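Enquirer: Next up is a structure, given as structure tokens.
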Amino acid sequence: MERDIIKVELELDRIVCHDEGDGWGNAEPYLWTVFFKVDGDTVVVLDDLTLGGTATVRATPGSHGNLGTTDVDAGDTVTIPGTIGHWQTNLKPIPTPSGLQALVPDVGGVIGVVAVLMEEDNVSDDGAEAGHQALNNAVRDAINQIVATRSFTNQEITDADVEGLANDVRGAISDAIQNQQNFFENLWSFLNPDDAIGDKIWFFSHDDLADGGTINFSQRWQNEGDWEIFGHLTATPLCPANSLDGVFSSRMSVRSMSAKSKFSSPKFIDPAQGDKLVKLDALKRLPKNAKESFDLKALRSFRDGTFKEFPGLTQWWKLAGRTTPSLIRELTSSRALRKDVRAIMEYLPKAVHQASDKLDDAPLEAAERVFAALKNKTNNRRVAIDSSRALDMIGLIKGKKVGEAMQILSDIQPARHPATKGTVGLRIAKPKIKRVGG
């Protein structure tokens, strides 16, 4: 059976300082992250059944001060900026040779993140950044080396592979810092070097994510103090409507991942229990091809027909796709939000085929609450911006007929300064106040 392409949002959310470990002073933590995936974007199964290609590696910026604070004490929580803690991508199956595809169409991919938490002391800024670049290179080289040793019959990444990657990373960072700094800087940092609080590699296989949902994970380091980092991964189908239906039909779960990479028993949103998040017995859980909760057939009919008459709607559809993983995560903790999303999903299949009818206010107000919640709760700047633009557009289409609303959405694209097709976006400037009397 062919594997599906999966939309993945991988995010490191926050760092909790249980004990800063700096005696009388406060700590100055910084975080290096490297995201990676091995999938059908850049890798194939060759005719000799080995893997060919290289991993996709996404480095993130900054060293000293990149968490936005240099004053962390016991009990503080540091929100990890989206620029270093967030990655959204698609995980694609790895194709097999044409002669094998009738039997085995593909091989599952892998996605993950490397995190290194440091605490600033006497290493120079240049030295720290050299260590950061060494981390990026070491992760890229180590992952590619793992890819080169995998084959169709040897697909698993082992604990030994992960430990080897971690050792390569540690050695490369230390060497790069010393090579970058001059003699006196090395002497100074030797007296009190930047502290390596801890490192961790999380990785997830295609089959781990096949059913979708959210996986929460964390790591605690009782070294140079007592620190804990938290993150999550949300996997969804490419289609936003399918993703939301998967939540309400109990096909998508919430799980937790221990430090030893073991998954907890999944919990599902059960429509039979008022959309509560409950642990369902495996026999009670609906199969992957279970009956859909919403009328997706009507939405697919719209996609294949009327939708094509309004090409500008594509950009709003992409916006919906970008915000879906964050929405899925919020749905697991807010019953009120689930009620609003259900109202929207029950209204849409009727509305899209009734172009001459006026839009109902209730589902639009529900959509406003949903996007306001996303905007206010996320630390992902992209999701916050998209939610803000959606809120602006909801105000423009209120009171309009369905067909008129689709035309407005098609003509005005998501942008900071929206403009209709063929015009230039306008910025409304604040009036200058002229001072009187010098």
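Enquirer: Mind checking which residues of segment 201-248 are among the acidic types (Asp, Glu), assigned to a helix (DSSP H, G or I) and open to solvent by 10 Å² or more (accessible area, probe 1.4 Å)?
Expert: 207, 208
Enquirer: Could you look through segment 61-72, keep only residues that are hydroxyl-bearing (Ser, Thr, Tyr) and open to solvent by 30 Å² or more (accessible area, probe 1.4 Å), and pick out the one that is nearest to residue 120 (Cα to Cα)?
Expert: 70
Enquirer: Taking segment 334-370 as the search range and keeping residues that are touching a residue at least 40 places away in the same chain (Cβ under 8 Å) and farther than 18 Å from residue 404 by Cα, which one is farthest from the chain's Cα centre (by Cα)?
Expert: The selected residue is 346.
Enquirer: Of (1) modelled with pLDDT of 90 or more; (2) surrounded by fewer than 16 Cβ atoms within 10 Å (Cβ to Cβ), residue 98 satisfies all except one. Which?
Expert: For residue 98, the exception is condition (1).
Enquirer: Which ones in segment 249-276 are outside any loop (DSSP other than H, G, I, E, B) and within 23 Å of residue 319 (Cα to Cα)?
Expert: Selection gives nothing.
Enquirer: Let me ask something else about it. Of all residues in segment 152-161, which are of a type outside the set (A, V, I, L, M) and surrounded by 14 or more Cβ atoms within 10 Å (Cβ to Cβ)?
Expert: Hits for segment 152-161 are 152, 155, 161.
Enquirer: Here is a further query. Which of the residues spanning segment 312-352 are open to solvent by 40 Å² or more (accessible area, probe 1.4 Å) and under 21 Å from residue 87 (Cβ atoms)?
Expert: 318, 322, 329
Enquirer: Quick one: which residue in 75, 23, 40 is modelled with pLDDT under 90, part of a loop (DSSP other than H, G, I, E, B) and either surrounded by 15 or more Cβ atoms within 10 Å (Cβ to Cβ) or not polar (S, T, N, Q) (or both)?
Expert: After ruling out the rest, the residue left standing is 23.
Enquirer: Do we find that residue 10 is over 28 Å from residue 227 (Cβ atoms) and either assigned to a loop (DSSP other than H, G, I, E, B) or aliphatic (A, V, I, L, M) (or both) in this structure?
Expert: The answer is no for residue 10.
The values are calculated or read from the model by the stated rules, or taken from the named source; none is laboratory data. This one's a predicted model, so the numbers in the text were calculated from it and none came from an experiment. Ideal geometry is used to build each Cβ from the backbone, glycine not excepted, and the neighbour counts take in all protein chains shown. Surface areas here come from the heavy atoms of the whole protein model, side chains and all, with no ligands, DNA or RNA. Shrake-Rupley method; radii C 1.70, N 1.55, O 1.52, S 1.80 Å.
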